[in-house]
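Worksheet: the structure to be examined is printed underneath.
The values are calculated or read from the model by the stated rules, or taken from the named source; none is laboratory data. A quick note: this is a predicted structure, and the numbers were derived from the prediction, not measured. No Cβ is skipped: glycine too gets one built from the backbone with ideal geometry, and neighbour counts run over all protein chains shown. Only protein heavy atoms, including side chains, enter the accessible area calculation; ligands, DNA and RNA are left aside. Shrake-Rupley method; radii C 1.70, N 1.55, O 1.52, S 1.80 Å.
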Amino acid sequence: MSWTRRSRAALAVCVLLLAGSAGCGTDGSREGDASPTPVGEVLEDRDQEGRPLREVGQEGAPGVGIEVQPGTSGGWDVRLTVRNFRFSPAGAAARAVAGRGLVRLYVDDRPVARLRAPAYRLDTRLVPRGTHRVTARLCADDGTVWAVDGKPVESTADVTASESGRGATPEAASRRKARTQGTDSGGRGSPDRARGAS
């Protein structure tokens with residue numbers, strides 16, 4: 001008699017296990033595939049590196065501003081200001097979370113750095129003599145590019161580097177090296193556009 005009870009109990013446990021596992025994941029998604037609620041809409045449009053744009057509404061959209069100044073000990077100091085955006089730490093999960101991610105930095109449309117902080121030292125060799133465009137573009141952790149109105153959320157500064165004259169002090173030479181002017185070439189969610197700057 002005890003054998004029959006054990007068999008029935010074991011059979012009941014098996015049925016419960018099978019029924020429970022059959023009810024899990026019936027929507028076809030796996031845990032960790034995506035955030036519980038979708039963030040924006042992934043567009044077919046891509047940036048120049050082939051990264052898909054992730055469209056978000058203008059209200060509450062992330063924004064970025066950039067300022068580039070000559071460094072006191074050479075190179076160029078890049079300072080970013082962000083709005084509705086937080087830098088993700090290294091090793092963050094590769095998924096889009098509203099207002100989070102990293103900044104990709106470009107010089108003349110060439111990628112030079114992935115930033116997880118608002119300050120960066122740009123090496124002089126990346127900005128030789130002449131005028132160059134330094135661009136900061138906001139990206140989600142899944143590799144998509146934040147976008148507003150179909151345009152990447154980014155900001156660009158034009159930097160002009162020239163050689164210093166003989167006998168100049170390093171500080172004075174650095175000040176003569178650059179004329180930096182920030183321009184907003186991103187979507188309507190960028191800080192410069194929100195303030196009405198050009």
Residue hits (region 122-151; out of contact with any Ser or Thr (no Cβ under 7 Å at 6 or more places or on another chain) and open to solvent by 30 Å² or more (accessible area, probe 1.4 Å)) are ASP123, THR124, ARG125, LEU126, PRO128, ASP142, ASP149, GLY150, LYS151
Taking the condition within 24 Å of VAL159 (Cβ to Cβ) and assigned to a strand (DSSP E or B), does LEU53 pass? no
The correct count of residues that are surrounded by fewer than 18 Cβ atoms within 10 Å (Cβ to Cβ) and farther than 20 Å from ARG54 by Cα in region 94-108 is 1
Of the conditions (1) surrounded by fewer than 16 Cβ atoms within 10 Å (Cβ to Cβ); (2) not in a loop (DSSP other than H, G, I, E, B), the single one that VAL82 does not satisfy is (1)
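Test ALA113 against the criterion of being over 25 Å from GLU44 (Cβ atoms), without any contact (Cβ under 8 Å) to a residue 12 or more places away in the chain and part of a strand (DSSP E or B), and give yes or no.
Yes: the conditions hold for ALA113.
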ALA194 modelled with pLDDT of 95 or more, surrounded by 15 or more Cβ atoms within 10 Å (Cβ to Cβ), hydrophobic (A, V, I, L, M, F, W, C) and closer than 30 Å to GLU41 by Cβ = no
